Amino acid sequence: MRSDILVIGGGIIGLACARELARQGRRVEVVERLHAGSGASIAAAGMLAPLAEVPKPGPFLEACRASRDLWPAWIAELSAETGLSIEYDASGTLLVAHEADEEAHLDKVAHAAAAVGEAAEEIHHDRFREWVPDASPGIRRVLRLLGDHRVDNVQACAVLAAAALAAGVTLNYDVDVERIELLDGGGAEGPGVRIHVRGGAPREADHLVLATGAWSGRIPGLPLLPVRPVRGQALLLQGVEWPWRGCLRSRHGYAVRRGATGLLIGATVEEAGLLAQPTVAGIASLLAFTRHTLPGLDATRLDTLWAGLRPATPDGLPLIGRLPGQPVWIATGHFRNGILLAPWTAREIARQMTGQEPSGEAAGLSPSRFINLPMESEAGSGYTVHS
Ligand SMILES: Cc1cc2nc3c(=O)[nH]c(=O)nc-3n(C[C@H](O)[C@H](O)[C@H](O)COP(=O)(O)OP(=O)(O)OC[C@H]3O[C@@H](n4cnc5c(N)ncnc54)[C@H](O)[C@@H]3O)c2cc1C
């Protein structure tokens with residue numbers, strides 16, 4: 001049966017959009033090349049960090065703050081729908097400075113916090129040592145961002161997939177979309193979209209949501225979206241017994257609590273194409289950060305290493321909204337903030353798909369900022385792309 005909406009991509013963004021749209025009564029199908037949350041979404045650290053990530057007042061910071069504020073109620077809903085829980089912590093983030101230039105960064109973040117009314121407090125050295133006993137004595141200043149939280153994104157993806165199913169979404173895994181065709185009345189049931197999949201029959205729907213993360217610029221049939229993969233490597237330590245349950249970060253890396261004794265260390269930011277693998281150099285840089293910032297962890301057990309591909313755009317902002325004149329909505333390019341922005345993105349896509357204007361927070365995020373209409377592109381898709 002033809003769906004109302006086909007969502008391509010079963011990462012946190014595709015799943016969040018699918019669940020939201022199904023809850024509005026739409027018939028929604030997700031197609032995912034691998035399995036739920038197999039891309040960047042399970043590689044992430046799970047920081048919900050508007051201020052540390054976007055210390056610049058403006059609509060994008062407002063979108064990040066709005067999404068952070070949506071997370072607790074979203075978790076409660078997802079848990080009620082599935083009976084499953086998601087680890088969430090609101091202790092905040094400790095922004096630490098070793099050097100003078102890092103102190104300047106703390107000042108900038110504190111300034112941004114004050115400008116938008118977010119709580120930030122200087123933490124006395126003794127208190128910091130109590131919370132994080134393995135920290136370097138060379139840390140000269142600590143700023144606590146009370147509004148930068150964290151979530152276990154691996155759990156969130158699993159629970160979200162279960163919630164999407166409970167909402168009536170059809171989840172199709174092992175479906176690799178090779179090409180998208182825009183139907184101009186020539187489809188089995190009129191205008192819409194048809195997707196061509198590797199080794200299977202084409203599927204049609206009235207509308208399409210593209211949520212293919214770092215691969216979003218690579219599916220033929222749509223305008224060439226300027227999304228590129230930016231690799232991030234991370235590792236997990238086990239056996240960390242700190243009183244501090246939140247995040248800790250400097251300009252060179254971060255440490256995020258996970259589970260009872262886990263500590264996730266991240267992350268590299270590398271232009272490495274589609275190679276989602278940890279490397280000697282990448283892991284060495286994470287260990288260097290760990291030894292410099294948290295030297296007391298030298299004997300701690302190194303548990304797991306991994307890498308993921310962030311979807312990045314030329315201006316660092318996501319692509320959220322409709323392709324002009326087409327039954328296609330884009331929800332990608334979330335770069336370092338896709339976990340943070342998942343509930344907001346789902347709400348925004350659902351809002352725009354029901355014919356409402358983009359919210360003020362979505363100002364500047366429309367994919368049409370990179371697409372000139374109606375000129376012919378070389379690929380003949382009817383669009384050209386500028387960046
Ligand atoms: C190391 C690391 C740390 C991070 N830390 C944080 C953090 O702390 N906080 C935060 O907010 N964000 C963080 N991020 C960023 C965040 O992970 C991403 O922004 C987010 O996961 C993007 O979600 P997505 O659903 O768009 O992409 P993905 O999770 O990559 O999902 C896209 C899906 O589309 C599927 N797909 C692609 N092409 C096709 C096709 N042709 N056919 C079918 N399926 C297809 C893929 O298989 C994939 O499952 C981090 C990222 C990394 C790598």
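Computed from the coordinates by the stated procedures, all read-outs in this text should not be read as laboratory data. The shown structure was predicted, so the numbers you read here are calculated from the model rather than taken from an experiment. Please note: Cβ atoms are built from the backbone with ideal geometry, for glycine as well, and neighbour counts cover all protein chains shown.
Here are the numbers for the structure shown:
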item: Condition met for residue 55 (within 15 Å of residue 341 (Cα to Cα), in contact (Cβ under 8 Å) with a residue 24 or more places away in the chain and either more than 15 Å from the ligand (Cβ to nearest atom) or over 16 Å from the mean Cα position of the chain (by Cα) (or both)); result: no
item: Options 12, 5: the member that is within 6 Å of the ligand (Cβ to nearest atom), among the β-branched types (Val, Ile, Thr), surrounded by 24 or more Cβ atoms within 10 Å (Cβ to Cβ) and at negative phi; result: 12
item: Any hit, segment 14-29, residues being aliphatic (A, V, I, L, M) and within 14 Å of the chain's Cα centre (by Cα); result: yes
item: Residue 145, sole failed condition from (1) away from the ligand (no atom under 16 Å from the Cβ); (2) touching a strand residue (DSSP E or B) at 6+ places or on another chain (Cβ under 8 Å); result: (1)
item: Any hit, segment 218-227, residues being of a type in the set (D, E, K, R), free of Cβ contacts under 8 Å to residues at least 60 places away in the same chain and near the ligand (Cβ under 9 Å from one of its atoms); result: yes
item: Members of segment 92-120 that are within 22 Å of residue 137 (Cα to Cα) and under 22 Å from the mean Cα position of the chain (by Cα); result: 92, 93, 94, 95
